[in-house]
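Worksheet for the structure shown next.
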Protein chains: 2
Amino acid sequence: MSEPKKRPTIRDVAKAAGVSVATVSRTLAGDYPVAAATRARIQRAVRDLDYVVNAHARALSGTTSKIVAIVVHDTTSPFFAHIASGVEQQATEAGRLCLVCTTHGDPDRELEIVKLMREQHADAVILVGGVFESEEYLERMSRYAHGLAEAGSKLVLCGRPSLGRDIPAITVEYDNTGGAFAATAHLLSHGHRRIAMLGGFAGLTTSEQRIQGYSDALTAYRVPVDPALVSHGELVRASGYERTSELLRQGTEFTAIFAGNDHVAAGALAALREAGKRVPEDVSVIGFDDTPFSEDLNPPLTTVHLPHQELGRTSVRMALQANGSSRQHVMLGTHIVVRDSVAAAPRPDSGRSRGRA
Amino acid sequence: MSEPKKRPTIRDVAKAAGVSVATVSRTLAGDYPVAAATRARIQRAVRDLDYVVNAHARALSGTTSKIVAIVVHDTTSPFFAHIASGVEQQATEAGRLCLVCTTHGDPDRELEIVKLMREQHADAVILVGGVFESEEYLERMSRYAHGLAEAGSKLVLCGRPSLGRDIPAITVEYDNTGGAFAATAHLLSHGHRRIAMLGGFAGLTTSEQRIQGYSDALTAYRVPVDPALVSHGELVRASGYERTSELLRQGTEFTAIFAGNDHVAAGALAALREAGKRVPEDVSVIGFDDTPFSEDLNPPLTTVHLPHQELGRTSVRMALQANGSSRQHVMLGTHIVVRDSVAAAPRPDSGRSRGRA
DNA sequence: GTGAAAGCGCTAACAT
DNA sequence: ATGTTAGCGCTTTCAC
């Protein structure tokens with residue numbers, strides 16, 4: 001076991017090139033007039049010694065950390081994965097490294113992570129996805145925002161609602177309510193009136209917005225909202241499966257399902273199939289997210305497309321733009337992707353669907 | 001715009017608590033005897049000032065950077081996403097932050113990233129997935145390994161073959177060849193003899209191994225390998241779709257498909273369906289990966305399960321274990337998940353499949 | 001165009 | 001148990 005011979009420092013390079021460390025630093029930074037000959041000697045030394053700067057030393061002496069942090073609930077869900085991908089790409093283009101952390105939806109963990117990000121002096125911290133907007137949340141977020149701002153980091157809220165003028169945070173949202181409205185209206189315009197809504201956890205901002213869009217659409221069509229048709233739960237496949245099975249078991253009447261996201265839709269599809277219901281002949285299903293696998297579901301899923309990548313890229317862009325004030329607000333659009341899971345509502349007397357009353 | 005009032009430093013805390021910086025440092029580190037009263041005063045000061053350490057300063061003065069880096073081709077593919085998730089979780093449990101970078105399969109980009117990781121003094125650098133094993137690759141990887149080792153980082157090769165004793169790198173593989181063998185044997189044991197292999201890019205380590213497993217199984221069953229049945233390409237859905245369509249168009253005879261991964265399988269399924277072939281009655285299909293959406297394909301896909309999460313976790317664990325030498329080697333197992341896409345080969349004269357000769 | 005030197009905020013000896 | 005101090009490796013005035 002040979003001594004881990006210490007890495008060369010800028011001083012070693014300076015010595016090897018016969019110049020001062022200042023000159024080496026300037027040459028490496030590239031933003032300063034340096035004689036061509038000197039530069040060449042330095043670059044040679046760098047190569048010979050296999051020198052790389054120490055990012056911590058650099059970050060410590062003033063300049064930026066070159067790090068962008070993104071915090072998500074979970075990295076494997078396509079919703080987060082695609083947003084993260086957008087962040088990563090844009091960060092890379094901006095010469096930044098990308099730190100990824102997960103909270104699994106735990107607010108305390110989120111708090112802890114934001115603290116870690118402050119320690120890292122990340123250039124930007126991007127908080128993604130829904131949260132429970134309690135009083136406590138507001139207060140906490142306000143502290144985050146200030147702490148980060150003082151540490152010189154930009155805070156961006158991605159896919160979660162704006163907090164208003166007094167808090168230094170950039171907001172990059174997608175039109176959640178609008179998307180849910182469109183999805184519901186799509187079903188409504190196909191003649192469906194009994195539409196089950198498989199929502200997310202009650203209280204979570206994203207869930208509430210989607211349910212809001214659902215209600216708004218119903219109201220616009222003068223269809224009363226039946227509480228028996230809306231349920232809350234985790235937006236995962238198993239939950240979609242269970243909630244749909246339960247609806248069927250209870251004998252609740254419905255001709256369409258608006259799933260809180262595509263995972264839930266996949267579960268609903270499976271439950272329906274198992275119960276012998278045909279989609280879309282007996283029951284129509286519409287999803288939310290438009291993740292890549294949606295087109296391979298059985299049948300291919302009609303769903304609402306969210307601009308995941310763009311959400312991520314925009315977040316980074318806003319945070320990093322030089323003259324950017326904190327507290328900007330952008331809202332990205334959504335649109336429906338029509339595939340094969342929605343059809344006209346079956347005639348009420350056709351008897352295939354629920355009870356022949 | 002108020003002055004960005006500078007963040008408090010350890011010195012401010014020391015002053016506020018009426019102690020020396022050393023005491024503060026020790027208290028915060030927690031690994032040193034400090035009088036209860038003193039500790040309390042310090043913690044109070046920390047809270048009052050909203051102090052957080054500067055990770056760069058800490059990293060600079062000797063100790064570790066608390067960072068684990070993972071480099072993947074692409075973050076959105078479930079294969080990488082799930083491995084990354086395992087890495088992230090284990091890193092978090094070990095009190096590390098997780099840096100994620102993507103190469104999009106570009107070896108030069110990989111080189112660049114490894115350099116960045118050296119700058120960051122990451123505790124561990126985990127390179128994930130297949131590579132093109134050229135001479136150049138070997139040489140390059142050897143340089144990586146030494147550069148990283150000198151910077152005090154552990155290098156782990158995850159899901160790529162070991163490089164042998166002389167290179168300081170930990171290898172965490174899954175049984176790629178074995179998995180491919182099992183998949184092919186599964187088809188063979190169902191009576192299939194004409195099995196199309198939709199492989200990955202030629203030259204990529206992972207592709208070669210899977211094709212090797214395929215050939216080995218065929219050979220074990222004394223079935224000749226027909227080059228017309230094996231193709232190379234990107235392991236994405238579109239490629240699976242196109243290659244399958246092409247096979248059909250050419251009139252190549254086959255009763256089963258071994259897809260290089262589940263995305264390719266999804267594409268193959270779509271192409272088959274479009275061509276009026278039933279799966280598994282006319283053609284059987286087996287995938288590779290077992291990503292969550294596989295069970296929702298039409299029909300639910302029989303596939304080879306890879307221990308993604310475990311691969312990630314193990315990589316971190318090996319790299320971080322105190323007494324761990326560099327250059328260990330672990331191989332994780334795989335297994336077949338049976339669903340509905342494989343059935344007995346159709347009787348050759350049943351006429352449903354390819355040419356009635 | 002180049003050098004000298006003062007930190008950046010922290011940890012780890014080394015004292016006491 | 002606590003304090004003093006010397007760096008860690010780099011950037012950045014300020015001189016020349």
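Rounded to the nearest 500, what is the protein assembly as shown's calculated 222 nm mean residue ellipticity when only DSSP H runs of at least 4 contribute -39500 (n - 2.57) each, over all residues? Don't skip to the answer; put the middle values down first.
Values: 24 runs with 306 residues, N = 714.
Helices in the protein assembly as shown give a 222 nm mean residue ellipticity of -13500 deg cm²/dmol.
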Checklist entry - Between copies, how far does the label point of A:ARG47 sit from its twins, in nm, shortest first, when each point is 7 Å from Cα along Cα→Cβ? => result 5.8
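Among rounded, prolate and oblate, which fits region B:61-107 when a ≥ b ≥ c are the square roots of the eigenvalues of its C-alpha gyration tensor, a/c under 1.5 means rounded, and a/b larger than b/c means prolate?
On the way: a/c = 4.52, a/b = 1.62, b/c = 2.80.
Note, shape of region B:61-107 comes out oblate.
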Checklist entry - Alpha carbon centre of region A:113-152 versus region B:228-250: separation in Å? => result 48
Checklist entry - Karplus couplings for region B:236-249 from phi (6.51 cos²θ - 1.76 cosθ + 1.60, θ = phi - 60°), rounded to Hz, Gly and Pro as x? => result 10, 3, 4, 5, x, 5, 5, 5, 5, 4, 4, 4, 5, 4
Checklist entry - Out of residues 5 or more away from A:LEU332 or on other chains, whose amide H comes under 5 Å of its own, with H placed 1.01 Å from N in the peptide plane? => result A:GLU173, A:TYR174, A:ASP175
Checklist entry - Does anyone have the angle between helix A:36-49 and the longest principal axis of chain A? Alpha-carbon axes, 0 to 90°, nearest 10? => result 70
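Does the protein assembly as shown classify as rounded, prolate or oblate by the C-alpha gyration tensor (a ≥ b ≥ c root eigenvalues; a/c under 1.5 gives rounded; else a/b over b/c gives prolate, otherwise oblate)? Mind showing how you got there, number by number?
Working: a/c = 2.32, a/b = 1.29, b/c = 1.80.
Oblate, because a/c is 1.5 or more while a/b does not exceed b/c.
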Item to check | Label-point separation in nm, A:MET331 to A:ARG11, each point 7 Å along Cα→Cβ | outcome: 5.8
Checklist outcome for this item: Mean other chain Cβ within 10 Å across B:171-177 is 0
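When a footprinting reagent is the concern and you count Cβ atoms within 10 Å, what order do B:MET331, A:MET141, A:MET117 take, fewest first? Write down the numbers at each step before the final one.
Values: B:MET331 12, A:MET141 23, A:MET117 30.
Ranked by crowding around the Cβ, least crowded first: B:MET331, A:MET141, A:MET117.
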Next on the checklist: Test of understanding: in a Gaussian network model of chain A with alpha carbons linked when under 10 Å, which of A:GLY203, A:GLY276, A:GLY30 would top the mean-square fluctuation ranking?
Outcome noted: A:GLY30
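In the structure displayed, which of A:LYS66/B:LYS154; B:LYS6/B:LYS66; B:LYS15/B:LYS66; A:LYS6/B:LYS115; A:LYS154/B:LYS6 lie more than 19 Å apart, Cα to Cα? Provide the component values of the computation, followed by the final result.
Working: A:LYS66/B:LYS154 22 Å; B:LYS6/B:LYS66 25 Å; B:LYS15/B:LYS66 28 Å; A:LYS6/B:LYS115 17 Å; A:LYS154/B:LYS6 16 Å.
From the list (A:LYS66/B:LYS154; B:LYS6/B:LYS66; B:LYS15/B:LYS66; A:LYS6/B:LYS115; A:LYS154/B:LYS6), the Cα-Cα distance tops 19 Å for A:LYS66/B:LYS154; B:LYS6/B:LYS66; B:LYS15/B:LYS66.
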Checklist entry - Which whole number gives the average, over all residues in A:70-82, of C-beta atoms from other chains lying within 10 Å of the residue C-beta? => result 4
Item to check | Rounded FRET efficiency, nearest 0.05, which uses the C-beta distance separating A:VAL338 from A:GLN212 and R0 of 30 Å | outcome: 0.80
Checklist outcome for this item: Sorted by chain and number, the residues with a modelled amide H under 5 Å from that of A:CYS98, at a separation of 5 or more or across chains, are A:VAL68, B:VAL100
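Take every Cα pair under 8 Å in region A:176-302 that's 6+ residues apart, average their separations, divide by the length, and report that relative contact order as a whole percent. Walk me through the intermediate numbers first.
Details: 226 pairs, mean separation 32.8, N = 127.
The value is 26 percent.
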Item to check | Residue-wise HN-Hα coupling along region B:169-181, computed from phi with Karplus coefficients 6.51, -1.76, 1.60 (Hz; x: Gly, Pro) | outcome: 8, 8, 10, 10, 10, 10, 7, 5, 4, x, x, 5, 4
Item to check | Per-residue ³J(HN,Hα) for region B:14-27, Karplus 6.51 cos²θ - 1.76 cosθ + 1.60, θ = phi - 60°, Hz, x for Gly and Pro | outcome: 4, 4, 4, 8, x, 9, 8, 4, 4, 5, 4, 4, 5, 4
Checklist entry - Taking the mean number of other Cβ atoms within 10 Å as a proxy for protection, how do you rank A:231-238, A:41-48 from highest to lowest? => result A:231-238, A:41-48
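In the protein assembly as shown, what percentage of the DSSP-assigned beta bridges are antiparallel, given to the nearest 5?
Of those bridges, close to 10 percent are antiparallel.
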Checklist entry - Given H placed 1.01 Å from N in the peptide plane, which residues other than close sequence neighbours of A:LYS154 have an amide H under 5 Å from its amide H? => result A:ALA124, A:VAL125
Item to check | Overall form of chain A per C-alpha gyration tensor (a/c, 1.5; a/b vs b/c) | outcome: prolate
Next on the checklist: Relative contact order of region A:87-174, please, whole-number percent, based on alpha carbon pairs below 8 angstrom and at least 6 residues apart.
Outcome noted: 23
Checklist entry - How many nm is it between the label spots at A:SER142 and B:ALA37, if each spot is 7 Å from the Cα in line with the beta carbon? => result 3.7
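Bear in mind these aren't lab numbers, they're just calculated from the coordinates by the rules spelled out. Please read these numbers as outputs of a predicted model, since none were measured by experiment. For neighbour counting, all protein chains shown are included, and Cβ atoms are generated from backbone atoms with ideal geometry for every residue, glycine included.
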